[in-house]
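One structure below.
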Amino acid sequence: MGERVSRRTLRLFAEAFSRPGAARELATAMECAEVDALARLLAELGERRAALEWLVDHARGDDFDDAHWSVPVDAEQYLERLMGRWS
């Protein structure tokens, strides 16, 4: 676990999870904390658009009392808070 992840590996990860349709197909099957972690990583890897897609697509499956139900209203603001919370 102490090994560093290569830039190439991170780029391949970002490309795989940023491809069109990935969020639409998978996001509602994931827990809120999982999507938050994935969105933050994608944003830090320069894939902000994909991070926002994951948040919005995940929110489609959330109920009123879940963490992301209001994300489609202001996904940008949610991502900013998310990034600040874990910095």
Calculate what fraction, in whole %, of the accessible area of the chain sits on carbon and sulfur atoms when a 1.4 Å probe is rolled over the protein chains.
52
For the chain, accessible area per residue (1.4 Å probe, heavy atoms of protein chains only), Å²
67
For n ≥ 4 DSSP H runs only, could you compute -39500 (n - 2.57) per run for the chain, divide by its residues and tell me the 222 nm figure to the nearest 500?
-18000 deg cm²/dmol
What distance in nm lies between label points placed 7 Å from Cα along the C-beta direction at GLU15 and GLU44?
2.2
Among GluC sites (Glu not before Pro) in the stretch 18-86, those in a DSSP loop whose Cβ has at most 15 other Cβ atoms within 10 Å are GLU31
Using only the alpha-carbon atoms, how far is helix 48-59 inclined from the longest principal axis of the chain? Give it as 0 to 90 degrees, nearest 10.
40
Measuring from the longest principal axis of the C-alpha atoms of the chain, the long axis of helix 7-18 (C-alpha) lies at a number of degrees, nearest 10, equal to 30
So which chymotrypsin sites (Phe, Trp or Tyr not before Pro) in the stretch 11-87 pass both tests, a DSSP loop state and at most 16 other Cβ atoms within 10 Å of the Cβ?
PHE64, TRP69, TRP86
Which entry in (i) 60, 25, 22; (ii) 48, 24, 13; (iii) 41, 28, 23 matches Cα extents along the principal axes in Å derived from the coordinates of this structure?
(iii)
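The values are calculated or read from the model by the stated rules, or taken from the named source; none is laboratory data. All values reported here derive from a predicted model rather than from experimental measurement. All Cβ positions, glycine included, derive from the backbone under ideal geometry; neighbour counts span all protein chains shown. Just the protein is used for accessible areas: all its heavy atoms, side chains included, with ligands, DNA and RNA removed. Shrake-Rupley method; radii C 1.70, N 1.55, O 1.52, S 1.80 Å.
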